Amino acid sequence: SLVEGLFSVSLAMAIGVPIGMISGYVGGRTDTIIMRFIDVMLAFPGVLLAIVIVSILGPSLVNAMIAVAIYTVPIFARLARGSTLSVKEEPYIEACHSAGMRHSRILMRHIFPNIANTLWVMATLRVALAILTASSLSFLGLGAQAPSPEWGAMLAAGRNYMLVAPHVVIFPGAAIVLLVLGINLF
């Protein structure tokens with residue numbers, strides 16, 4: 001479950017942050033087109049979008065992680081864009097332009113380090129939500145399949161034995177709650 005959250009958020013950051021940085025840095029028509037596409041993705045509820053993606057790709061742990069990453073991309077793109085818009089107005093960015101620096105160097109050496117802290121905070125919060133979503137997908141039978149030791153799949157398998165052996169669902173459910181709470185408090 002921890003790997004699901006970390007992989008999903010890492011993939012979402014790897015896709016969403018460059019999109020948002022380029023959109024905010026370039027501006028104009030490019031920014032408008034990219035942000036309208038991001039707005040369309042944000043219009044769909046995240047879990048519903050993940051269910052649709054996993055239904056198309058097929059139920060598996062990897063597909064669940066990809067689905068969670070896809071619906072998380074717009075959040076990182078929006079955050080990176082907003083942070084880039086505020087940082088690109090700073091005087092040192094103007095100095096970089098005046099010195100003749102390439103745009104890619106300005107983005108990677110000057111803008112990204114200044115927006116990274118905000119992105120890391122959001123990533124930490126999104127890991128907890130990614131774990132919950134991946135566990136939900138596994139509970140519905142769309143994520144990790146039966147032999148995989150994933151807490152959502154354990155909950156799904158144990159729901160038939162709740163009256164006889166409630167510990168079968170209590171312990172995986174408590175593990176999910178404690179992990180998500182711990183990550184959020186972190």
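The values are calculated or read from the model by the stated rules, or taken from the named source; none is laboratory data. Every value quoted in this text rests on a predicted model; they were computed, and no experiment measured them. Here Cβ is always computed from backbone atoms with ideal geometry, including for glycine, and neighbour counts include all displayed protein chains. Ligands, DNA and RNA are excluded from the accessible area calculation, which covers all protein heavy atoms including side chains. Shrake-Rupley method; radii C 1.70, N 1.55, O 1.52, S 1.80 Å.
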Mind checking which residues of the range 98-109 are part of a helix (DSSP H, G or I) and aliphatic (A, V, I, L, M)?
ALA99, ILE106, LEU107, MET108
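Rundown of residues vs (1) part of a helix (DSSP H, G or I); (2) closer than 25 Å to SER135 by Cα; (3) under 12 Å from the mean Cα position of the chain (by Cα); (4) without any contact (Cβ under 8 Å) to a residue 60 or more places away in the chain, yes/no style:
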site: SER8; (1), (2), (3), (4): yes, yes, yes, no
site: MET13; (1), (2), (3), (4): yes, yes, yes, no
site: PHE37; (1), (2), (3), (4): yes, no, no, yes
site: MET41; (1), (2), (3), (4): yes, yes, no, yes
site: PRO59; (1), (2), (3), (4): no, yes, no, no
site: VAL68; (1), (2), (3), (4): yes, yes, yes, no
site: SER86; (1), (2), (3), (4): yes, no, no, yes
site: CYS96; (1), (2), (3), (4): yes, no, no, yes
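Being open to solvent by less than 30 Å² (accessible area, probe 1.4 Å), part of a helix (DSSP H, G or I) and among the polar types (S, T, N, Q): is that true of SER55 here?
Details: open to solvent by less than 30 Å² (accessible area, probe 1.4 Å): no; part of a helix (DSSP H, G or I): yes; among the polar types (S, T, N, Q): yes.
When the stated conditions are applied, SER55 does not pass them.
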Against the condition among the hydroxyl-bearing types (Ser, Thr, Tyr), more than 29 Å from SER136 (Cβ to Cβ), over 17 Å from the mean Cα position of the chain (by Cα) and crowded, with 17+ Cβ neighbours inside 10 Å, how does TYR92 come out, does it pass?
no
What residue, among those in the range 156-170 that are buried (at least 18 other Cβ atoms within 10 Å of the Cβ) and either in contact with a Cys (Cβ under 9 Å, 6 or more places away or on another chain) or not β-branched (Val, Ile, Thr) (or both), is farthest from ILE66 (Cα to Cα)?
GLY158
Kindly list, by first and then second residue, each pair from a residue in the range 118-146 that is touching a residue at least 40 places away in the same chain (Cβ under 8 Å) and basic (Lys, Arg) to a residue that is assigned to a helix (DSSP H, G or I) and open to solvent by less than 10 Å² (accessible area, probe 1.4 Å), limited to pairs with Cβ atoms under 7 Å and residues at least 6 apart or on different chains.
ARG126/VAL9; ARG126/THR72
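Looking for something within 26 Å of PRO59 (Cα to Cα) and in contact with a Phe, Trp or Tyr (Cβ under 6 Å, 6 or more places away or on another chain) - is there at least one such residue anywhere in the range 136-145?
Initially, the range 136-145 is screened for residues within 26 Å of PRO59 (Cα to Cα), giving 136-145.
Add one more test, that the residue is in contact with a Phe, Trp or Tyr (Cβ under 6 Å, 6 or more places away or on another chain), and what stays is none.
No, there is no match, as no residue in the range 136-145 is within 26 Å of PRO59 (Cα to Cα) and in contact with a Phe, Trp or Tyr (Cβ under 6 Å, 6 or more places away or on another chain).
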Assuming ALA64 fulfils every condition listed in (1) within 22 Å of LEU129 (Cα to Cα); (2) open to solvent by 20 Å² or more (accessible area, probe 1.4 Å); (3) in contact with a Gly (Cβ under 7 Å, 6 or more places away or on another chain); (4) hydrophobic (A, V, I, L, M, F, W, C) apart from one, which condition is it?
(2)
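Have a look at PHE112, PHE76 and point out the one that is under 17 Å from the mean Cα position of the chain (by Cα), aromatic (Phe, Trp, Tyr) and part of a helix (DSSP H, G or I). Walk me through it before giving the result.
Working: PHE112 fails: under 17 Å from the mean Cα position of the chain (by Cα).
Being under 17 Å from the mean Cα position of the chain (by Cα), aromatic (Phe, Trp, Tyr) and part of a helix (DSSP H, G or I) holds for just one of PHE112, PHE76, which is PHE76.
Give the range 123-155 a look and list any residue that's of a type outside the set (Val, Ile, Thr), in a helix (DSSP H, G or I) and open to solvent by 20 Å² or more (accessible area, probe 1.4 Å), or say none.
From the range 123-155, those of a type outside the set (Val, Ile, Thr) are 123, 125-126, 128-130, 132, 134-155; that's our starting set.
After this cut, where a residue has to be in a helix (DSSP H, G or I) as well, the list is 123, 125-126, 128-130, 132, 134-139, 151-155.
Listed by number, the residues that qualify are LEU125, ARG126, LEU129, LEU132, SER136, PHE139, TRP151, MET154, LEU155.
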Every residue in the range 98-109 that is open to solvent by 60 Å² or more (accessible area, probe 1.4 Å), over 25 Å from the mean Cα position of the chain (by Cα) and either within 17 Å of GLY27 (Cβ to Cβ) or of a type in the set (Lys, Arg) (or both), please.
ARG102, HIS103, ARG105
